[in-house]
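A.B. asks: The structure follows.
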Amino acid sequence: MSRYLDHIGSPADVRKLSLEDLPLLAAEVRERLVSVVSVTGGHLASSLGAVELTIALHYVFDCPNDPIVWDVGHQAYAHKILTGRNEAFSTLRQKGGVRGFPNRNESPYDAFGSGHASTAVSAATGLASARDISGGGGKVIAVIGDGSLTGGLCYEALNNAGHRARNLLVILNDNEMSISRNVGAISAYLNRIISSPVYNRVRSDMQTIVKSIPSIGVRILGTARRLEESLKNLIAPGIIFEELGFRYFGPIDGHDIPKLVELLSRLRGLEQPIILHVVTRKGKGYEHAERHPEYFHGTSPFDIATGKPRKEPGGDGYSEIFGRALAVMARRDPLIVAVTAAMAHGTGLAEFAAEFPGRFFDVGIAEGHAVTFAAGLAAGGMAPVVAIYATFLQRGYDQIVHDVCAQRLPVIFAVDRGGIVGADGATHTGQFALSYLRHIPNLVVMEPSSGGELEGMLRCARACKGPAALIYPKSGAEGGSLIEVPLGKSAAALDGSDLTILALGSMVPVAREAAERLAAKGRSAGVINARFVKPLDEEAILAAAARTGRLVTLEENALQGGFGSAVLELLASRGMDEPEVLCMGINDAYVEQGGRKDLLASLGLDADGVARRVLERFWPSPARRSGGTGGRKA
């Protein structure tokens, strides 16, 4: 039984502890984090690094009256544990369990939902503005990581917040920059001085007096500010924030709870935009995560003693196959370059980066820049391949439309994590990729059903001499050697006479299994591996419609604007109203967290669900037929 943690039901219980008790609470929180994430998987290293900071925030401030907005949410596990979710924390990232990111529907202590980087300052500025309009009180706090500063949205928000003079505290949790020069007695002494009530009261009074001096007051004040900034810049890298309108404090050791509590208590009374720069260590307190924070950023279940995964992977996923295939092509084609946005390991590009360091570009958490940067590379004669998760590529949508496709530039988009991602939940689902890409002119859009097809599609995309996108899931890749993929051509996977299933990407194996189940019921289902959403293989689709009179479209994507919509549009454009069509995909709702296999089953997108739905739709039982539910087009 934990000495402290078992008695923490809310932040109010944290504030009942003595300052000397807080490091012991931190140790218990760390133990809880490691024990749970070793079973469920999750974002461990960042959360371990933010334990003391989280405890100090809840010790000083009154959340949710002082709302805390966590950027991305990778570092918010300790926050969840301290805000009434410790008992349920073992269900982290499981279906129906504690979500892996802050979520407003889960707890009143989660002031704003997150999952994507660089959004916290914008949201916190909005919360602060709403507070001011309504006449409310409280300090609004945004906690951001140093990686979030690579996102342009963060700077847009800092610029706006600083000049609107909101009562806002932005905490920069820096776990990458070197601090040996900055964290010490002089820096700590300066922070105590400039955060003290007496200093700030005198500072404010002097500003008022000096500005009132006719003619020269404003100039004197400007000189004084420059002197203060010059002094601070000798020991603290905060001038850029001061220029944006923020008071800068730090850097401070983010693992020293007494110092954090002291400084936060002082800053609580300053009603202006403030940046507090704290320095932490990713993976703090767990040896394996400290030594290899990149592997424990987002980890699968692991053995606590060794730090190794509990289960050996059952084969390579699409990301690994993509990375190898691209490296093979790059050895023969010196124009190929790779671009990613802070996800070299996740997208399978680590080996490419090691082999071709001069042809690999990681632009940080800046997806819009990544796309336009790639457009510039293409305009300069290169053949860029942009590898970004589907959920994050959404952030570069305008750049895809305006900078790449409108100019027909030969940029290849390797859209990883398409479809259902699983444990990371709604913020990370790739269910919209087809829908936000299919309608863009000049863009070829395709989905492989196997690793061999992925390799073939990469080559097809390179041969297009224009923009192209490959969408594929995280895992589940069938093996096999290279498969040539002609532009716009599908492949017959199974013959059938009663209906044809037009399946895309990850749904092709599901369609084959569903056809077997239908055969057991006396129904003959053909399967076509569609491969392309744009351009469609119109000839194959129209022939199947004429041959069987019944079509099923099957995709791991939102039904609105997806593959099924494209097939219906084709049939309508040809005046074909005879074939009965059933469109199967993800309905108009976000897919929440859980295991991918379980989620597919719950959506009716596994083999059993597809076969059952097909039978209900085309060959309903007498009871359903008499109820008038048969014979309608989906």
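A.B. asks: Relative to the Cα centre, what is the charge dipole magnitude of the range 318-471, using +1 at the beta carbon of each Lys and Arg, -1 at the beta carbon of each Asp and Glu, and rounding to the nearest 20 debye?
C.D. replies: Charge dipole of the range 318-471: 400 debye, to the nearest 20.
A.B. asks: For the range 491-626, give the share of DSSP beta bridges that are antiparallel, in percent and rounded to the nearest 5; count only bridges with both residues there. Mind showing how you got there, number by number?
C.D. replies: Details: 3 of 18 bridges.
Antiparallel: roughly 15 percent of the beta bridges in the range 491-626.
A.B. asks: Give me the distance in nm between label points sitting 7 Å out from Cα along the Cα-to-Cβ direction at E516 and D316, one decimal.
C.D. replies: The two pseudo-label positions are separated by 2.6 nm.
A.B. asks: Take the Cα coordinates of the range 318-471, assign each an equal point scatterer, and use the Debye formula without solvent to give log10 I(q)/I(0) at q = 0.09, 0.14, 0.18, 0.21 Å⁻¹.
C.D. replies: Ignoring solvent entirely, the Cα scatterers give -0.23, -0.58, -1.03, -1.49.
A.B. asks: Of the cross-linked pairs K465/K489; K489/K521; K308/K474; K95/K474; K282/K597, which ones have a Cα-Cα span greater than 27 Å in the structure shown?
C.D. replies: Details: K465/K489 17 Å; K489/K521 31 Å; K308/K474 20 Å; K95/K474 19 Å; K282/K597 32 Å.
Checking Cα-Cα distances, K489/K521; K282/K597 exceed 27 Å.
A.B. asks: Using 0.36 nm per residue, how much length does the chain from D6 to K95 gain when fully extended, once their Cα-Cα distance is taken away? Mind dumping the intermediate values first?
C.D. replies: Numbers: separation 89, 0.36 × 89 = 32.04 nm, distance 2.43 nm.
Result for the pair: 29.6 nm of gain on full extension.
A.B. asks: Could you tell me, in Å, what Rg and Dmax come out for the Cα atoms of the chain?
C.D. replies: 27.9, 96
A.B. asks: Could you compute the FRET efficiency for E539 and L24, with r as their C-beta to C-beta distance and R0 at 51 Å, rounded to 0.05?
C.D. replies: Values: r = 71 Å, r/R0 = 1.39.
Calculated value: 0.10.
A.B. asks: Further, regarding this structure: If you average the alpha carbon positions of the range 555-590 and of the range 367-407, how far apart do those two centres end up, in angstrom?
C.D. replies: Rounded to whole Å, the Cα centres lie 28 Å apart.
A.B. asks: Return, ordered by residue number, the residues of the range 14-52 whose backbone nitrogen is under 13 Å from a label point located 7 Å along Cα→Cβ of E290.
C.D. replies: It comes to 49, nothing else.
A.B. asks: Taking the Cα centre of the chain as origin, sum charge times position over the Cβ atoms of Lys and Arg (+1) and Asp and Glu (-1), and report the length of that vector in debye to the nearest 20. The partial results should precede the final answer.
C.D. replies: Values: 66 positive and 67 negative charges, 147 e Å.
It comes to approximately 700 debye.
A.B. asks: Measuring from label point to label point, each 7 Å out along Cα→Cβ, what is the S300 to D132 span in nm?
C.D. replies: 4.9
A.B. asks: So for each of 494-503, 392-401, 478-487 I average, over its residues, the number of other beta carbons within 10 Å; can you give me the resulting order with the highest mean first? Mind showing how you got there, number by number?
C.D. replies: Values: 494-503: 22.7, 392-401: 20.9, 478-487: 14.2.
Top to bottom by mean Cβ count within 10 Å: 494-503, 392-401, 478-487.
A.B. asks: Go ahead and run the numbers for FRET between H439 and L487, Cβ-Cβ distance against an R0 of 22 Å, rounding to 0.05. It would help to have the intermediate numbers written out before the result.
C.D. replies: Working: r = 19 Å, r/R0 = 0.86.
Once the sixth-power term is evaluated, E becomes 0.70.
A.B. asks: Label point 7 Å out from A589 along Cα-to-Cβ: which residues of the range 403-429 have amide N under 15 Å?
C.D. replies: Answer for the range 403-429: 426.
A.B. asks: In nm, what is the difference between 0.36 nm times the number of residues separating A350 and D146 and their Cα-Cα distance? Kindly include the intermediate steps, with their values, before the conclusion.
C.D. replies: Working: separation 204, 0.36 × 204 = 73.44 nm, distance 2.15 nm.
Roughly 71.3 nm would be gained on extension.
A.B. asks: Which percentage, to the nearest 5, of the DSSP beta bridges contained in the chain is antiparallel?
C.D. replies: Details: 8 of 63 bridges.
DSSP beta bridges in the chain are roughly 15 percent antiparallel.
A.B. asks: Continuing with the same structure: Label points 7 Å out from Cα along the Cβ direction at D495 and N105: separation in nm?
C.D. replies: 4.8
Every number in this text was worked out from the coordinates using simple rules, so none of it is lab data. Remember, it's a predicted structure, so these values are computed and weren't measured experimentally. Glycine gets a Cβ as well: all are built from the backbone with ideal geometry, and neighbour counts include every protein chain shown.
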